[in-house]
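The values are calculated or read from the model by the stated rules, or taken from the named source; none is laboratory data. As the structure is a computational prediction, the values presented were derived from the model and not from experiment. Please note: Cβ atoms are built from the backbone with ideal geometry, for glycine as well, and neighbour counts cover all protein chains shown.
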Amino acid sequence: MASNSSGLWSSPAVRMGVSISIATGLYGISFGALGVAAGLSVWQTCALSLLMFTGGSQFAFVGVVAGGGAGAAALGAASLLGVRNAVYGMQMAALLGPRGLGRLLSAQLTIDESAATALGQTEKAEQKRGFWTAGVGVYLLWNLFTAAGALLGNALGDPGRWGLDGAAVAAFMGLLWPRLTHKEPIALAVVAASIAMLAVPWVAPGVPILIAAVVGAAWGYGSRSSGPAGQGANAQEAAR
């Protein structure tokens with residue numbers, strides 16, 4: 001048993017998944033406290049984490065409610081941010097090939113952290129370990145700390161003073177940074193981040209990240225078209 005545990009812990013995907021689970025799980029305290037402060041009950045706050053389970057959408061929902069917005073507006077803001085998970089879902093379905101009950105479970109666990117951990121690996125087995133370790137770990141800890149934050153409520157004060165609002169961002173940047181090894185990914189990251197920041201004052205919550213995603217998709221499509229395959233197609237067209 002000890003050797004099996006040791007062997008599993010030697011997996012870089014498992015270590016990364018556990019690390020991201022702890023960092024993101026702690027962030028759940030912030031959501032729990034903010035949910036109760038916005039007027040939701042403890043059970044409503046916990047239900048959002050159990051069922052919706054996508055941090056950005058949950059914070060968008062609570063933010064609209066706290067600002068006096070209607071439930072439909074809160075759901076709309078949450079849905080805008082949830083669109084990215086549909087994109088992740090298609091990637092993970094192709095990458096992992098889940099079937100039956102595993103397909104339903106993987107759909108619930110497909111979030112930024114699980115997708116990034118899986119895509120950060122090069123071997124098929126490691127991709128699966130990374131996805132399930134991060135997905136299950138984040139789900140368990142996120143819900144545990146959401147409940148803790150909701151129960152403690154205002155006793156925590158401003159969640160930002162504890163640095164909890166930056167834990168998930170820092171962890172995700174830790175996943176992203178090693179992938180920025182070439183000029184093109186770095187340029188794309190800078191352009192997408194700049195566009196998202198410029199859009200923040202002008203559009204509804206959740207829209208800036210969608211605009212950045214569209215820019216990234218267009219960049220990728222353009223790069224593919226201008227690559228060797230695209231150049232070959234253009235040459236054939238010119239010959240005709």
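Restricting attention to region 118-175, report how many residues are modelled with pLDDT under 90 and in contact with an Asp or Glu (Cβ under 7 Å, 6 or more places away or on another chain).
Qualifying residue count, region 118-175: 2.
Here is a check on your reading of the model: is Gln121 part of a helix (DSSP H, G or I), more than 11 Å from the chain's Cα centre (by Cα), touching a residue at least 40 places away in the same chain (Cβ under 8 Å) and at negative phi?
no
Go through region 204-240 and report how many residues are modelled with pLDDT under 75 and under 21 Å from the mean Cα position of the chain (by Cα).
Total meeting the criteria: 11.
Can you say whether Gly63 is over 19 Å from the mean Cα position of the chain (by Cα), within 23 Å of Ala150 (Cα to Cα) and modelled with pLDDT under 85, as far as the supplied structure shows?
No: the conditions fail for Gly63.
Out of Thr45, Thr110, I need the residue that is surrounded by 22 or more Cβ atoms within 10 Å (Cβ to Cβ) and farther than 16 Å from Gly17 by Cβ. Which one?
Thr45
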